[in-house]
Amino acid sequence: MDDPTVEDELTAAQAAVIEAPLWRQRAVMAARAAGWSKYKIAATLGVKEPTVTSIIKTAEKNAAKEKPDA
């Protein structure tokens with residue numbers, strides 16, 4: 001039995017799962033720009049510093065892909 005409400009909820013949940021890593025990357029990069037250390041970010045996120053380092057590297061890679069070639 002099709003239920004449009006359930007379908008909408010599933011679609012919204014999937015969109016959130018896809019967007020979450022990008023949102024976290026933007027938040028981490030904003031924190032770094034604001035002068036936060038990797039350790040403070042890690043403590044705030046409840047993760048270890050290597051996770052924050054990985055997030056930063058991924059965000060930097062994504063930013064480089066988005067820059068037009070000069």
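The values are calculated or read from the model by the stated rules, or taken from the named source; none is laboratory data. Just so we're clear, the structure is a prediction, and the values are computed from it rather than from any experiment. Methodologically, a virtual Cβ is constructed for each residue, glycine included, from the backbone with ideal geometry; neighbour enumeration extends over all protein chains shown. Note: accessible area is taken over every heavy atom of the protein model, side chains too, but ligands, DNA and RNA are not part of it. Shrake-Rupley method; radii C 1.70, N 1.55, O 1.52, S 1.80 Å.
For the chain, list the DSSP H helices whose alpha carbon atoms reach 30 Å or more along the long axis and whose average Kyte-Doolittle value is -1.0 or above? Long hydrophobic helices here: 4-33.
With a simple spin-label model that places each label point 7 Å from the Cα along the Cα-to-Cβ direction, the separation between Ala64 and Ala27 comes to 2.6 nm. Lysine pairs in the chain whose alpha-carbon atoms fall under 23 angstrom of each other, counting only those eight or more residues apart or on distinct chains, come to 10.
Shown for the chain: the carbon plus sulfur share of the solvent-accessible area, taken with all protein chains present and a 1.4 angstrom probe, equals 59%.
Projected onto planes of every orientation and averaged, the convex hull of the alpha-carbon atoms in the chain covers 7.3 nm².
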